[in-house]
Amino acid sequence: MDAIIEVEGLRKVYGRTVAVDDISFSVDRGEIFGILGPNGAGKTTTVETVAGLRSPDAGRLRVLGLDPQREGNELRQRLGLQLQQAALPERIRVGEALELFASFYRHPLDWRQLLEQWGLAEKRDAAFATLSGGQRQRLFIALALVGAPELVILDELTAGLDPQARRATWELVAAIRDAGTTVVLVTHFMDEAERLCDRLAIVDEGRIVARGAPAELISSLTAESRVRFSTTNGFDATWLEGVAGVSQVVREGHQVVVHGTGPLMARVATALADRDLAMVDLRSEQATLEDVFLSLTGRRFRD
């Protein structure tokens with residue numbers, strides 16, 4: 001594959017805080033590469049260094065064959081960037097913002113076509129302050145794409161959006177990749193990374209703790225299976241710990257989660273049936289990226 005981002009031994013320190021500690025990864029042309037991790041893990045510092053917005057304390061970076069520090073001006077002509085704290089003046093109109101950003105590039109796309117493509121044509125004369133969260137995100141995507149970039153970095157794109165807007169934004173991100181632009185997606189949402197990314201790196205406390213395709217990471221995990229069902233508050237499920245293969249029974253509110261190995265679903269269902277207990281929502285759960293993170297760090301993601 002044609003690697004368009006190469007990062008080797010990246011390190012960034014702020015005072016006594018090590019934000020990025022010896023991170024190495026590569027991104028291939030034409031893929032969605034995810035950088036996944038809890039808030040404060042070093043994700044944004046990493047991509048800001050890749051984009052040339054921060055200088056590394058150590059390490060080697062090549063982005064589109066360029067050095068982000070020494071050749072930053074050229075890189076920004078080929079790179080689209082939407083940062084976590086992206087904002088615009090409240091009174092600027094949607095069309096004005098796109099026309100302004102288009103003027104920064106040598107060979108921009110037609111910003112009027114972007115208005116149509118990203119469902120903003122009716123909002124051309126609307127002030128930024130009047131846009132909904134989903135409309136703002138579509139505008140930020142359009143602004144990141146107006147320079148016709150080969151590579152676009154999207155940082156926490158769906159933070160703060162409702163579920164419907166998040167899923168609509170996922171479709172837009174996939175459309176960017178399908179149109180030939182490489183995407184680096186920074187997120188702390190595991191379902192988002194699992195749904196969109198061709199490959200990803202899981203980052204925690206400034207280090208990469210796992211990398212690969214989401215399905216590969218999950219299938220390589222020797223995690224226990226889980227069976228979940230709902231009960232009343234007074235239901236005592238501790239007796240299920242005596243079922244073959246069961247390692248732990250945990251109550252989560254009105255639900256019981258049974259952890260174990262082997263044909264767990266069949267064993268739990270049989271044990272419940274033997275006691276004439278019919279659980280209408282009895283279901284098996286597959287391992288997730290959170291399970292991968294938990295197995296590597298011993299703790300859950302922090303929001």
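Values quoted throughout were computed directly from the atomic coordinates according to the rules given, and no laboratory measurement underlies them. Note that the structure is predicted; figures quoted are calculated from it, not measured. Virtual Cβ from ideal backbone geometry, glycine too; neighbours counted across all protein chains shown.
Taking amide H as placed 1.01 Å from N in the peptide plane, Glu156 has its amide H under 5 Å from the amide H of Val186, Thr187, each at least 5 places away in sequence or on another chain. Extension gain for Arg112 to Glu216 (0.36 nm times residue separation, less C-alpha to C-alpha distance): 33.3 nm.
Enumerate by residue number the trypsin sites (Lys or Arg not before Pro) in region 235-303 meeting two conditions: DSSP loop (anything except H, G, I, E, B), and at most 13 other Cβ atoms within 10 Å of the site's Cβ.
Sparse-neighbourhood loop trypsin sites (Lys or Arg not before Pro): Arg275, Arg299, Arg300, Arg302.
Our coupling estimate for region 248-261, obtained by passing each phi through the Karplus curve with A = 6.51, B = -1.76, C = 1.60 and θ = phi - 60°, is 7, 10, 10, 9, 10, x, 8, 10, 10, 10, 9, 9, x, 10 Hz, Gly and Pro reported as x. Counted by Cβ distance under 13 Å from Thr130, the other residues give a net charge of +2, where Lys and Arg count +1 and Asp and Glu count -1.
Both radii are taken from the alpha-carbon atoms of region 225-286; with Rh as the Kirkwood radius, Rg/Rh is 0.90. When the trypsin sites (Lys or Arg not before Pro) in region 52-104 are filtered for DSSP coil states and for at most 15 other beta-carbon atoms within 10 Å of their beta-carbon, the remaining sites are Arg70, Arg91. In order along region 53-58, phi translates into HN-Hα couplings of 7, 10, 8, x, 7, 7 Hz, rounded to whole numbers, per the Karplus curve 6.51 cos²θ - 1.76 cosθ + 1.60 with θ = phi - 60° and x for Gly and Pro.
Give me the dipole magnitude in Debye, nearest 20, for region 3-218 about the Cα centre, with unit charges on the beta carbon: positive for Lys and Arg, negative for Asp and Glu.
Charge dipole of region 3-218: 380 debye, to the nearest 20.
Summing charges over neighbours of Arg283, with a neighbour being any other residue whose Cβ is under 15 Å away from its Cβ, gives 0 when K and R count +1 and D and E count -1. Here the Kirkwood formula puts the hydrodynamic radius of the chain at 21.6 Å, using every distinct Cα pair. With a cut-off of 16 Å on the backbone N, the residues of region 118-133 near the modelled label site 7 Å out from Leu100 along Cα-Cβ are 124-131.
Counting only alpha carbon atoms, the long axis of helix 133-145 and the longest principal axis of the chain meet at about 50°.
For region 104-194, which chymotrypsin sites (Phe, Trp or Tyr not before Pro) are both in a DSSP coil and crowded by at most 15 other Cβ atoms within 10 Å?
Answer in residue order: Phe104.
Applying 0.36 nm per residue to the separation of Ala278 and Glu171 and subtracting their alpha-carbon distance, the gain on full extension is 34.6 nm.
Considering helices alone, the calculated mean residue ellipticity of the chain at 222 nm is -9000 deg cm²/dmol, with DSSP H runs of length four and up weighted by -39500 (n - 2.57) and normalised per residue. As a rough footprinting exposure proxy, the listed residues Asp155, Asp236 were ranked by other beta carbons within 10 Å of their own, and the order from fewest upward is Asp236, Asp155.
Between Ala126 and Leu296, the distance separating the two model label sites (each 7 Å from Cα on the Cα→Cβ line) works out to 3.9 nm. Using C-alpha pairs under 8 Å with a sequence gap of at least 6, the mean separation divided by the residue count of region 135-211 gives a relative contact order of 27 percent.
Grab the other residues whose beta carbon is less than 9 angstrom from that of Pro56, score K and R as +1, D and E as -1, and report the net.
Charge balance in the 9 Å sphere: +3.
Over the Cα atoms of region 104-170, Rg to Rh with Kirkwood Rh, two decimal places? So for region 104-170, dividing Rg by the Kirkwood Rh gives 0.97.
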